[in-house]
Amino acid sequence: MDTIFALASAPGKAGVAVIRISGPQAVAAGTRLAGSLPPPRGTALRVLRDGGAVLDQALVLHFAEKASFTGEAVVELHLHGSVAVTSAVLRALAAMPCLRMADPGEFTRRALENGRLDLAQVEGLADLIDAETEQQRKQALRVLSGEVGALADGWRRDLIRAAALIEATIDFADEDVPVDVTPEVTALLTGVLNDLHDQIAGASAAERVRNGFEVAIVGAPNVGKSTLLNALAGREAAITSEIAGTTRDVIEVRMDIGGLAVTLLDTAGLRDTDDPVERIGVARARDRANAADLRVFLLDGNAPDLDVQPDDIILQAKADLRVDRQGAVSGLTGEGIDLLLSEVAQRLSKRAAGAGIATRERHLAALQRSVMTLDSALRLVAGNADLAADDIRTATRALDQLVGRVDVEDLLDHIFASFCIGK
């Protein structure tokens, strides 16, 4: 396998830059630059040289094969983070035989291929790198820690036990089997099924934590929706005007609310109109509001023009113009905004609390395939042992796809394409 290298820290000027080298020639390449390496899992300060030219003074780290992130011998060079220094060291490495620049995600791909990570952990690492909020960080760390693999291994053990019991009855079909295995098999399958149903129920919340919730601000024209959006965003994200119907399209603002990624939607005012462009905007507003996770209704004494869901928030608009300001908000003065943000965070946090470990569509599909075949196995276990055993094997195979044991080669290029080169 080639020895690869890359800048593992962000490009550009920084206090420190990290260059990672991984593969069979990593130790030789590191020694050529640094003169000598510290013992494995050790660090040392070294002067880096390319021939007789001094490149930099760097902190050098050395990881032995099978004890590194990639599972290969790894050398890391912690340099002064100027563009000139990193460029000089990268040029020196590129000139060495048997070394090449790493492809995007190649260090992580090698960790997968060498058994240091499973596929779900790779996805968790990608999510951790992309995490914008506290809840995204926590969820990504759960997946990266191997929680998906640990659950899948437990389910797999139970299914293998159930299949072994059934196949024993098949092998001894012509003899008296001393124990009826049906109760134990049924209990094992039922336990796995219950766990899978719990994870499927939490998949929607997990996906929302990962990709973000949508909160739509809806109401009649000129009720203050755009002014409220601008106040929440802390900038002029939407055009405001005294002219009703100014907002024609859906305007989106991404925010961190209570540690959750939330996209706020400013929608066109809901009303009947003869203006064909505004009519399109109103239709889009209704569609996005109905699809949103939560709606904030801004009212000016009128009833909501959409069906209100249990978690939706109903507020009176323009608190600054009201005598009775109870349950009112003003984007102009900021009155009631802290309370609104608190209410949004509380409602969305309740949904996020039910998040499972199925954070991606691929995970959910594997769980659903397993449930379908295990339901079939439960119906067949007492009457057709051969088919029941086959269904259990199919369910086990579906769960193996969660962690990349089988049938995932076609996914790898897509997954690693999202990684930066140094990872």
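The values are calculated or read from the model by the stated rules, or taken from the named source; none is laboratory data. Note that the structure is a prediction, hence the values are computed from the model and not measured. Note that we place each Cβ from the backbone using ideal geometry, even for glycine, and neighbour counts take in every protein chain shown.
Across segment 376-397, what is the total count of residues that are in contact (Cβ under 8 Å) with a residue 24 or more places away in the chain, farther than 10 Å from Ile166 by Cα and more than 31 Å from the chain's Cα centre (by Cα)?
Total meeting the criteria: 2.
Keeping to segment 320-335, report how many residues are crowded, with 19+ Cβ neighbours inside 10 Å and at pLDDT below 80.
The qualifying residues number 1.
Restricting to segment 4-43, count the residues that are crowded, with 18+ Cβ neighbours inside 10 Å, under 24 Å from Ile129 (Cβ atoms) and in contact with a helix residue (DSSP H, G or I) (Cβ under 7 Å, 6 or more places away or on another chain).
Selection size over segment 4-43: 8.
Say whether the condition of being over 24 Å from Ala345 (Cα atoms), in the same structural domain as Ala268 (by TED's automatic domain parsing) and over 32 Å from the mean Cα position of the chain (by Cα) is met by at least one residue in segment 282-291. Give the derivation first.
Step one: of segment 282-291, the residues over 24 Å from Ala345 (Cα atoms) are 282-284.
Those still in the list that are in the same structural domain as Ala268 (by TED's automatic domain parsing) too: 282-284.
In the following step, the residues that additionally are over 32 Å from the mean Cα position of the chain (by Cα) were identified as 282.
Yes, segment 282-291 contains a residue that is over 24 Å from Ala345 (Cα atoms), in the same structural domain as Ala268 (by TED's automatic domain parsing) and over 32 Å from the mean Cα position of the chain (by Cα).
Criterion first (polar (S, T, N, Q) and under 32 Å from the mean Cα position of the chain (by Cα)) does Gln316 satisfy it? Break it down into steps so the answer makes sense when it comes.
Numbers: polar (S, T, N, Q): yes; under 32 Å from the mean Cα position of the chain (by Cα): no.
Criteria not met by Gln316.
From the list Asp338, Asp287, Asp307, pick out the single residue that is without any contact (Cβ under 8 Å) to a residue 24 or more places away in the chain, assigned to a loop (DSSP other than H, G, I, E, B) and surrounded by fewer than 16 Cβ atoms within 10 Å (Cβ to Cβ).
On the way: Asp338 fails: assigned to a loop (DSSP other than H, G, I, E, B); Asp287 fails: assigned to a loop (DSSP other than H, G, I, E, B).
The conditions single out Asp307.
Scan segment 392-403 and give yes if some residue there is modelled with pLDDT of 90 or more, under 30 Å from Val262 (Cβ atoms) and among the hydroxyl-bearing types (Ser, Thr, Tyr), otherwise no.
No, segment 392-403 has no match at all.
Mind listing whichever residues of segment 78-102 are surrounded by 17 or more Cβ atoms within 10 Å (Cβ to Cβ) and more than 17 Å from Ile4 (Cα to Cα)?
The answer is Leu79, Gly81, Val85.
Search segment 242-264 for residues that are under 16 Å from Leu294 (Cβ atoms) and polar (S, T, N, Q) and pair each with any residue that is crowded, with 16+ Cβ neighbours inside 10 Å and at pLDDT 90 or above when their beta-carbon atoms are under 7 Å apart and the residues are at least 6 apart or on different chains.
Filtered contacts from segment 242-264: Thr263/Gly212; Thr263/Glu214.
Can you name the strands (runs of 3 or more DSSP E) wholly within segment 53-152 that have at least 3 residues being free of Cβ contacts under 8 Å to residues at least 60 places away in the same chain?
Numbers: elements: 53-63, 74-80, 99-101.
Once the strands (runs of 3 or more DSSP E) in segment 53-152 are filtered for at least 3 residues that are free of Cβ contacts under 8 Å to residues at least 60 places away in the same chain, what remains is 53-63, 74-80.
Are any residues in segment 230-249 surrounded by 19 or more Cβ atoms within 10 Å (Cβ to Cβ) and modelled with pLDDT of 65 or more, and if so, which ones?
Correct list: Asn230, Ala231, Leu232.
I'd like to check something: does segment 147-164 contain any residue that is in contact with a helix residue (DSSP H, G or I) (Cβ under 8 Å, 6 or more places away or on another chain) and farther than 29 Å from Ala385 by Cα?
Checking segment 147-164: at least one residue is in contact with a helix residue (DSSP H, G or I) (Cβ under 8 Å, 6 or more places away or on another chain) and farther than 29 Å from Ala385 by Cα.
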